[in-house]
Structures are given as structure tokens and as C-alpha cells.
Amino acid sequence: MKTIGLIGGTTWHSTLNYYRLLNEGANERLGGTHSARIVLYSVEFNEFKQFQDRAIYNEVVGFLIDRAQNLKASGADCILLCANTLHMYYDAVQKELDIPVLHIADALGEELTRFHVKRPGLLGTAITMYEPFYHDRLSQRYNMESITPDRKHGDSLSRAIYTELARGEVTAEAQSNFFNCVNDLLEKGADAIVLGCTELYMLRDVIPDRIKVFDTLDLHARAALNWAIENKG
């Protein structure tokens, strides 16, 4: 089995789920007392968020490259950036590494293709929803038109992610904002809802069972485990 390197802590709640899903999946696939081979770097989220909020692109990229190279030196064969928003830096990070950085939108795009989804409704932080990097990946590689909720509702959801879900808290207001976003997307013709933030699993129960939901955290972990077990190169 290959070793999976995680850059986590963004937030630790979702990183905990990555660790659990990878180990549960390895045990389910391989049986016995098997678990996943993992090396982890966990950022201090408050410091990293302030760092990222300054919008100094090159500094954030340098930080991620340094941590990824450290993980490789510790034995990692691939890297996961354990947050959707971090993938705005994906191209710059992958360019400097000679091991694969497994893109979370590729794990999503392959699953959406399998279910014939063409207009996924994307929920996440404001950066993930309203910057082009995520939409472009789904459009160019998977021929999908991803859509977003109205900006007012989307910004409210994004604030809840950073101020509440990041602390593991789920309030009635966050649930209401999330529900409004889901309704916006369905009214705009979304044929599925994408949890495009690794903390949004906390709000998944708000969505009625009849609606197709794709959790990027779950899909990313599954894709990494498949790569680690099946890759022979």
C-alpha cells in the first residue's frame, strides 16, 4: 500500500473524518487488522486563516509546497490538500512536486460523471463557489456546468463555515442559510447538490433524501485510498 500525505487542520474536524474514512476504507478493503499508511501535517487553523486572509498568494503557495515536500520526505507517495478551498493553489503546488497531488474536484467529477450529473450545484466557501478554479476544473475536464447560489445566501453560508462549522458548531441560523442555498440551486436547475466544503457534512441532514448529494470529503478520501491500494507505479 502507498503512503498518503495529508495537509490537514483546515479544519481539524474534517481532517478527523479523512483519517477515519481512510482507515475504515483500508480495513474494509484489505480485512484483518489492516489500516491506511498516512503521514499528516496539521496546520494551526487560526494562524493559517489569517495568513490566507492577507491574500498573499505566493506566501500561501510556498507554505503548502514546503509542507508537501516535508510529507514526501516522511514517506508520502501522494498528497491530499484536505480542503476544497486550498485547491485554488493546486496547480502551483503540483508543479513543484514529483509526486501526485490528488485533486478533490477530480474525485468529484468522476463520481458525478458516473451518475450522469451535468449541472451540479456547488456549495462551499465564497472562494470555492465564486472564484473560477473549481468551476473551470469541472467544465474543462468533465464537461459540467456547475452553478452557485445567490451571492447573499452564499456569503452567509461562507461566514457560517468560518465562524461556526470551523469550531464544530451547528446553529439554526447556519442550517437555515444552508437550506436557502440548496433551494436557490434547485430553482436554478441543479441536478445534484455538491458539498464543496469539507465541513458541510455537518449540515447534510438538512437536505431531503430525495435530492442527490455528493460529499467531496468522502469522495476525496475514497479516491486516495483507491490510488494507494491499486497504484503499482
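Output the number of the condition that Ala83 fails; it satisfies all remaining conditions of (1) under 30 Å from Val117 (Cβ atoms); (2) in a helix (DSSP H, G or I); (3) out of contact with any His (no Cβ under 9 Å at 6 or more places or on another chain).
The one condition Ala83 does not meet is (2).
Can you work out which of the residues in segment 184-198 that are part of a helix (DSSP H, G or I) and either hydrophobic (A, V, I, L, M, F, W, C) or over 20 Å from Ile127 (Cα atoms) (or both) is most open to solvent (accessible area, probe 1.4 Å)?
Per the criteria, the residue is Glu187.
Could you run through segment 67-100 and say how many residues are closer than 14 Å to Gly8 by Cα and loosely packed, with under 15 Cβ neighbours inside 10 Å?
Residues meeting the conditions: 1.
State all residues of segment 8-46 that are open to solvent by 20 Å² or more (accessible area, probe 1.4 Å), in contact with a Leu (Cβ under 7 Å, 6 or more places away or on another chain) and in a loop (DSSP other than H, G, I, E, B); if no residue qualifies, say none.
None; the set is empty.
Looking at the structure I just gave you, is Glu164 out of contact with any Phe, Trp or Tyr (no Cβ under 6 Å at 6 or more places or on another chain) and open to solvent by 60 Å² or more (accessible area, probe 1.4 Å)?
Answer is no for this residue.
Evaluate the following for Asn23: is it farther than 26 Å from Ser158 by Cα and not aliphatic (A, V, I, L, M)?
Details: farther than 26 Å from Ser158 by Cα: yes; not aliphatic (A, V, I, L, M): yes.
In short, yes.
The values are calculated or read from the model by the stated rules, or taken from the named source; none is laboratory data. The shown structure was predicted, so the numbers you read here are calculated from the model rather than taken from an experiment. Virtual Cβ from ideal backbone geometry, glycine too; neighbours counted across all protein chains shown. With ligands, DNA and RNA removed, areas are computed over all heavy atoms of the protein, side chains included. Shrake-Rupley method; radii C 1.70, N 1.55, O 1.52, S 1.80 Å.
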